[in-house]
1. When ranked by the protection proxy of mean other Cβ atoms within 10 Å per residue, highest first, what sequence do the peptides A:321-329, A:75-83 form?
2. Write down Rg/Rh for segment A:119-231, rounded to two decimals, with Rg from the C-alpha atoms and Rh from the Kirkwood relation over Cα pairs.
3. What Kirkwood radius, in Å to one decimal, follows from the Cα pairs of segment B:137-263?
4. Can you compute the modelled spin-label distance between A:ALA165 and A:ARG289, with each label point 7 Å from Cα toward Cβ, in nm?
5. Provide a whole-number value for the mean count of partner chain Cβ atoms within 10 Å of the Cβ atoms in peptide A:199-206.
6. Buried accessible area between B and A (1.4 Å probe, both chains summed, ligands and nucleic acids excluded), in Å² to the nearest 100?
7. Send over the Kirkwood Rh of chain A, from the inverse of the averaged 1/r over different Cα pairs, rounded to one decimal Å.
8. Mind checking the mean number of beta-carbon atoms from other chains within 10 Å of the Cβ atoms in B:191-203?
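The values are calculated or read from the model by the stated rules, or taken from the named source; none is laboratory data. Please read all numbers here as calculations on a predicted model, not as lab measurements. Methodologically, a virtual Cβ is constructed for each residue, glycine included, from the backbone with ideal geometry; neighbour enumeration extends over all protein chains shown. With ligands, DNA and RNA removed, areas are computed over all heavy atoms of the protein, side chains included. Shrake-Rupley method; radii C 1.70, N 1.55, O 1.52, S 1.80 Å.
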Amino acid sequence: MSSNGHGIEPTDNGVSAHKSDDLAPVEDQHVAHPPRRTDIDPRAERRAEHQVATMFGLAGLTAIVSVVAFVAIDPDRLIYVPVIGETSANNVVFGATFGLSMFLIGAGAIHWARQLMPAQEVVAERHDLTSDPADRADAIAVYQEGADGSGFAQRKIIRRSLLGAMALFPLPLLIILRGLGPKVMDPQVLGETIWKRNEPIVTDPTSRKLRPQDIPVGGLVNAVPESLKEIEEREGTLNARAKAGLILVRLTPGEIRSQQGDGWDYQGILAFSKICTHVGCPISLYEQRTHHLLCPCHQSTFDLADSGSVVFGPARRHLPQLPITVDAEGYLVAASGFQEPIGPSFWERSS
Amino acid sequence: MNSLAAKRRHPGAVLVVLFMGLCLTGVIYSVVGSAATAGAAPKAASSTEVDHGRQLFIEGCSSCHGIGAQGTQNAPTLVGVGAAAVDFQVSTGRMPLAAPGGQAERKPPLYTDEQISNLAAFIATLGPGPEIPSASDLNFINADLAEGGDLFRTNCAQCHNFAGSGGALSNGQYAPNLRQATPRQIYEAMLTGPQAMPVFANTTITPQDKQKILKYVTYLQTSPNPGGQDLGRLGPVTESLALFTIGFGALIAVSIWIGARAK
């Protein structure tokens, strides 16, 4: 056989072998590493030994110090540490000593390995991945014996019932995916809030009713329905609050370019849902000069002077507006509930 | 003295001299600065104060706000903004503006307390507006801290951050951090709604509720921080940045040491 040009040629049993004149034996290729100081100088070796022992000793000592510090230092005592600032003395001393203890154990071990343990390279030979033919034949024989003993081929009824079970087994896994899809649900759950006609608008969290003259131009009020408190106490959940959050802003009537319905404001006071239509974060970052409302989660921006329309960000629907008016005593109330579902999209939503 | 002179060419000498210089500057600045801001207590505006305020206004403010404070295309009218707005804007150094732009920044005030009160007295004569809060308005000693936290998180935290660290708005504007704001400035900001901030009048957040908010902000400003370096209290952004740079940097350094060949 001629050489294949790579210095390697097949041998009789099909395994490639190196040509001895092309590739030198492994040990001859080594770059000779210069010996370390600890290899040739006994004093350096002793010094390294002491260094490692010192690190381990200090590790034990700092561990004890950290226990003492944790017990002895008043947790309320503050000290000034550069860069970190005013901070708890207990935290600093415990953390520093305990951390140092851990670090010194590791550093000592590494120093030991680098300076004192043998430093020559060794070669670990790889073995063939294939098992030898006798083992393979044995394994096949064991499998065959088990298969024959199980009677899988003869016992039809067991075989068929097992296949049937395996075919039906994935069904529950598929059916739970159905829970992600549309379902028959009380439309009120996501589609309606507790706002209704003549529901008084009160401040959050102080629950005070508001008159129109209470809200100055440029003002912002975080509001909730008056009945929320009672409903929260009865239900014991935050579900009603999560949908009913409202913000009131006042513009001069001339600044309002459009609204979602005729006369839904009251003398320039606009009421909008506080729940972002993107994924439902509560939003009240209101810039009173631009009348923009910013969502802190994904930067959706709504223009409250222009029907709460989206001017920036991932939201795709305007912020729902609540029509408001005043009651007989002159307090601000809702003129009706929301005219569309508030907040982010859901399967059952019609629009 | 000779030993000191001998060490003057030491590499560390530059750092020592620089440090001493910085300390000296700091001491002088704090002495001079506190002397300048220790002003007179507010008192009822007399006509001489209004006259003095008008004079200051014409010299320092009228080029943007107009001779009659009626506003120009560069600046809003000051008729009806009230004394509280003037006190807030000038005592925080936001006015006069360093340069027109999205945001008026806090800086050392240009006017003394007396000059500010004269300016405020003059602007207050132009039309009715929020007054500077009185000492009793600002007395929050007995206010409820927990309710103040509730009010702060509902009304303030969306822009100023849960710890009062401030946050970004649109077009280069931002809600400033509240670390340096005095109770009086916070009260005035709520009353007047400076720049992008909405107005939180006494009719929507009562003076009692405002005192609770003052108590909470003061608590945020002064409460100790046992956890040490707070990285600006901005949440996960600075925290992960510190972890990635300092934490990973240390791990890489140790890994290099472990892998390096010993001599």
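1. Highest mean packing first, the order is A:321-329, A:75-83.
2. 1.53
3. Radius from the Kirkwood sum: 17.0 Å.
4. 7.4
5. 4
6. Numbers: alone 16690 and 23850 Å², together 37470 Å².
Heavy-atom accessible area buried at this interface is about 3100 Å².
7. When all Cα pairs of chain A are included, the Kirkwood radius is 30.4 Å.
8. Average per residue, whole number: 6.
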